[in-house]
Amino acid sequence: MRWFLIAGFGILAATSPAAASLLNATCSLSATALAFGIYAPGARSADTASGSVTVTCTALLAVSGSYQLTASTGNAGTYTARQMSGTPTTLAYQLYTNASDSVVWGDGSGGTGVISGSFPLFILSSSQTLQFYGAIPPEQNIDAGSYSDVIIVTIEY
């Protein structure tokens with residue numbers, strides 16, 4: 001049985017203020033990289049991991065408002081099958097909005113979902129941490145090495 005090191009992937013953050021429901025607020029996000037660890041191609045079940053995104057909104061005084069987090073397709077260019085790049089092969093994986101891995105995290109198009117949240121009334125600053133989930137399907141024939149992808153997460157508020 002061969003074992004492979006999976007470096008995981010990084011998340012870049014972007015902000016996109018929409019019609020501000022959080023009046024006069026500035027929101028940003030930070031994320032932890034999702035690391036799957038060592039992948040065993042002969043395993044019969046998916047390799048899973050979870051990560052988090054922290055949303056911080058700042059305002060002198062903000063009434064309650066909502067936001068949503070969308071995720072890019074990464075290297076694959078499609079939500080259907082995300083891929084981590086390696087040398088010389090790729091490794092299929094997917095991101096999800098829920099722990100049961102039933103809703104693909106995307107931009108809301110084509111059956112994908114977004115991660116949503118809201119803030120109550122706050123003064124100065126408020127932060128929330130939200131979870132996301134990942135899975136690598138079993139029995140992929142790949143070469144030994146490190147695999148990674150970069151996902152851009154955008155917050156709209």
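The values are calculated or read from the model by the stated rules, or taken from the named source; none is laboratory data. Note that the coordinates shown come from a computational prediction; the quantities given were computed from them, not determined experimentally. Cβ atoms come from the backbone with ideal geometry, glycine included; neighbour counts cover every protein chain shown.
Can you pull out every residue in the stretch 57-81 that is at pLDDT 90 or above and not hydrophobic (A, V, I, L, M, F, W, C)?
The initial filter retains those residues of the stretch 57-81 that are at pLDDT 90 or above, namely 67-80.
Scanning the stretch 57-81 gives Tyr67, Gln68, Thr70, Ser72, Thr73, Gly74, Asn75, Gly77, Thr78, Tyr79, Thr80.
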Output the residue which, of all residues in the stretch 127-144 that are loosely packed, with under 15 Cβ neighbours inside 10 Å and farther than 30 Å from Leu61 by Cβ, is nearest to the chain's Cα centre (by Cα).
-> Pro137
Going through the stretch 77-117 in order, the residues found to be within 16 Å of Ile142 (Cα to Cα), loosely packed, with under 15 Cβ neighbours inside 10 Å and of a type in the set (Ser, Thr, Tyr) are Thr87
Are any residues in the stretch 93-126 part of a strand (DSSP E or B) and either over 15 Å from the mean Cα position of the chain (by Cα) or polar (S, T, N, Q) (or both), and if so, which ones?
-> Gln94, Ser116, Ser118, Phe119, Phe122, Ile123, Leu124, Ser125, Ser126
Taking only pairs six or more apart or across chains, which ones have beta-carbon atoms under 9 Å, a first residue in the stretch 140-157 that is under 15 Å from Ser52 (Cα atoms), and a second residue that is of a type in the set (Lys, Arg)?
-> Ile151/Arg82
